[in-house]
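These notes concern the structure reproduced below.
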Amino acid sequence: MQNEIDAMLEHVRTVLQGSGAHGFDHTLRVVRLSEEIGAREGADMDILIPAALFHDIARPLEERTGALHEEEGARMAEAYLRSIGYPEDRIAAIAHAVRAHRYSTGIDPATLEARVLSDADKLDAMGAVGIARTFMQAGERGGGIPDAVDHIRAKLLNLKDLMYTKTAREIAAKRHALLVAFLAALEEECVPAQ
C-alpha cells in the first residue's frame, strides 16, 4: 500500500507544481491533518489518504477555466486510481470525499472519511498557516491587508463551528483563538485610513 501512496503523492506533485495558497504544501498539510484526525476517529486510511492527496489536484484547472475543482478532482482521482488498479470498492468513496470536501458547495460528506477530509481542509485555513494562506491568496488576487481581513472575518472565523469530528473541533478551538488574537493585534497596529 505504501508504494501506491508514494506513487499517488508523486502524481499529485507533478500536477500541483506551482506554489500558492492551494499549492502542494497545502495538500501535504491536509494529508498530515487527515492522518492525525483519521487515526483518532477510526477512519479507513485506504480511502482517506488518497482522497486527501487528490482533494485539490484540479485547483490549477479551476483557476484556468472556472471548472469546479472538487468535481474535476474526483474525476481525475477516479481515472488515476483505476489506471493503477486500485481496489474498485474504494474508488467511489474516495471520489465522494473529494467532491464533498469543499464546504461551500453544500455537498454533505456522507462518510467518516469525507467528514475527516472536510475537517482537515478547513483546519488548514485556520491558525497561523490559515492566516499566512489568506494573505497569500489576497496578494495572488491583487488585494491587500483589508481584503485578507475581510476574508478572515467572513469565512475563517466561522470554520470552528463547521467541524464534523470531535478531534477536529479540539484542534479548531486552538486555531480559532489564534485567529481572534491576530485580528485584535492587527486592529491595534493599523492606523485607520484618512
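Table: residues versus (1) buried (at least 18 other Cβ atoms within 10 Å of the Cβ); (2) at negative phi; (3) not in a helix (DSSP H, G or I); (4) not β-branched (Val, Ile, Thr).
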position: His22; (1), (2), (3), (4): yes, yes, yes, yes
position: Asp25; (1), (2), (3), (4): no, yes, no, yes
position: Gly38; (1), (2), (3), (4): yes, yes, no, yes
position: Ile47; (1), (2), (3), (4): yes, yes, no, no
position: Ala52; (1), (2), (3), (4): yes, yes, no, yes
position: Ala67; (1), (2), (3), (4): no, yes, yes, yes
position: Ile91; (1), (2), (3), (4): yes, yes, no, no
Which condition does Gln17 not pass, out of (1) crowded, with 22+ Cβ neighbours inside 10 Å; (2) farther than 19 Å from Leu112 by Cβ, if it passes all the others? (1)
Do any residues in segment 88-117 that are within 17 Å of Arg169 (Cα to Cα) have Cβ atoms under 9 Å from those of residues that are modelled with pLDDT under 95 and of a type in the set (Phe, Trp, Tyr), where the two are at least six apart or on different chains, and which pairs are they? Pro109/Tyr103
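Counting only residues that are charged (D, E, K, R) and assigned to a loop (DSSP other than H, G, I, E, B), which one in segment 114-156 is farthest from the chain's Cα centre (by Cα)? It would help to see each step written out before you state the result.
Keep residues of segment 114-156 that are charged (D, E, K, R), which gives 115, 119, 121-122, 124, 133, 140-141, 147, 150, 153, 155.
The next check asks that each one be assigned to a loop (DSSP other than H, G, I, E, B); those that pass are 124, 141, 155.
Details: Asp124: 6, Arg141: 19, Lys155: 14 Å.
It comes out as Arg141.
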Against the conditions (1) more than 24 Å from Val180 (Cβ to Cβ); (2) small (Gly, Ala, Ser); (3) touching a helix residue (DSSP H, G or I) at 6+ places or on another chain (Cβ under 6 Å), where does Gly42 fall short? Just the number, please. (3)
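The values are calculated or read from the model by the stated rules, or taken from the named source; none is laboratory data. Just so you know, these numbers come straight off a predicted model, no measurement behind them. Backbone-built Cβ (ideal geometry, glycine too); neighbour counts: all protein chains shown.
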